[in-house]
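The structure under discussion appears below in the form of structure tokens.
The values are calculated or read from the model by the stated rules, or taken from the named source; none is laboratory data. Everything numeric here is computed off the predicted structure, so don't read it as measured data. With ideal geometry, Cβ positions are generated from the backbone for all residues, glycine too; neighbour counts draw on all protein chains shown. Note: areas computed on protein heavy atoms with side chains; ligands, DNA, RNA excluded. Shrake-Rupley method; radii C 1.70, N 1.55, O 1.52, S 1.80 Å.
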Amino acid sequence: MPRSSEDWHARFSQQAGWTSQLRRYLLSRLSLSGNSRILEVGCGTGVITAALNSETSAGIYGLDLNLSFLHLARQYDRNTAYCGGNALELPFPGSVFDAVVCHFFLLWVSQPGLALGEMARVTRPGGSVIAFAEPDYGGRIDYPPPLDGLGRWQTMALRRQGANPLQGRELARLFRAAGLQDIETGVLGGQWPGRPNPAEIESEWAMIEADLAGLVPRERLAELQKIDLDSWQAGERVLFVPTFYAAGKKP
């Protein structure tokens, strides 16, 4: 079943929770004021733009190609200026933003290097380009062992959807190719303080079921979901997808 904009909004909200501390760290390194402007490319339903509005006094702008996402974003976050547009040809003049950011976005772009070049083009000299999060499913860890096939299947599913499941490891190269300097890259840590809340588990399995439909029999997925729930309950579950970030300055 196709996922609705509301389903994606729930997923984007979950992802935003994973990166909240990292975003605050990266934003704290920028010299922003009420006159500064930040653009999020691939803003989706406005989850990150809304967070940026609460995390900084800068003016926030959002761009996405999906108009149904933007319709929901405008309802969800009325403090951001949104527009439709293609990341490969941003509809802005050069050097107009103090920072241009994205979040779980470049893996979905057919030419991520071109997109980063456009992000750098519209950033003012001395401003920053930041990829808050790009996953790398090639390093996914699932435990206990009956669940270790999930990463392989999801990698296949993402490729089938046109995404690059190994995008994370390519960030440093892409940022350098875009001409950015003072580049910092890293990986979000993994912490397992306990069982996720039921809504998080439900959201994760809704995504898995949608991705793996037609690839893995429904009965097998039901078996794996039970193993997943039982292992969380027992305190044994490990799920780690290396998620990279990168930040660089425009010379």
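For the reader, a short list of remarks on this structure follows.
- With N the number of residues in the range 109-222, Rg(Cα) / (2.2 N^0.38 Å) evaluates to 1.31.
- Once Rg and the Kirkwood radius are both taken over the C-alpha atoms of the range 155-230, their ratio Rg/Rh works out to 1.10.
- The alpha-carbon atoms of the chain define a convex hull whose volume equals 117 cubic angstrom per residue.
- Other-chain or far-sequence residues with amide H under 5 Å of Thr56's (modelled H): none
- Relative to the longest principal axis of the Cα atoms of the chain, the long axis of helix 218-234 makes an angle of roughly 80 degrees.
- Mean shadow area of the range 1-128 over all directions, Cα convex hull, nm²: 7.6
- The amide H of Val101, built 1.01 Å from its N in the peptide plane, has Leu39, Glu40, Val41, Ile130 as neighbours under 5 Å, considering only residues 5 or more places off or on other chains.
- Total formal charge among the other residues, if their Cβ is under 12 angstrom from that of Arg23, Lys/Arg +1 and Asp/Glu -1: 0
- Principal axis dimensions, largest first and in whole angstrom, of the range 118-164 by Cα: 50, 22, 10
- Across the range 200-251, counting alpha-carbon atoms alone, Rg and Dmax equal 16.1, 54 Å.
- The GNM of the chain, with springs linking C-alpha atoms under 10 angstrom apart, assigns the highest mean-square fluctuation among Arg78, Arg159, Arg23 to Arg78.
- Take every DSSP beta bridge whose two residues both sit in the chain; close to 45 percent of them are antiparallel.
- What the Cα atoms of the range 67-136 give is an Rg and a Dmax of 12.7, 34 Å.
- Helix-only CD estimate at 222 nm, as mean residue ellipticity for the chain, using -39500 (n - 2.57) per DSSP H run (n ≥ 4): -12500 deg cm²/dmol
- Cα centroid separation, the range 79-115 to the range 167-185: 16 Å.
- Principal-axis tilt of helix 67-76 within the chain, Cα atoms, nearest 10 degrees: 80
- Among 111-121, 10-20, the peptide with the highest mean count of other Cβ atoms within 10 Å heads the list, and the full ranking is 111-121, 10-20.
- Here the Karplus relation 6.51 cos²θ - 1.76 cosθ + 1.60, evaluated at θ = phi - 60°, turns the backbone of the range 42-48 into coupling constants of x, 6, x, 8, x, 5, 6 Hz, with x for every Gly and Pro.
- Nonpolar atom fraction for the chain, defined as the carbon and sulfur part of the 1.4 Å probe accessible area, stands at 53 percent.
- Residues whose placed amide H lies under 5 Å from that of Arg237, excluding near-sequence neighbours: Trp232
- In Hz, Karplus ³J(HN,Hα) per residue of the range 178-185 (6.51, -1.76, 1.60; θ = phi - 60°; x = Gly, Pro): 7, x, 7, 10, 6, 7, 10, 10
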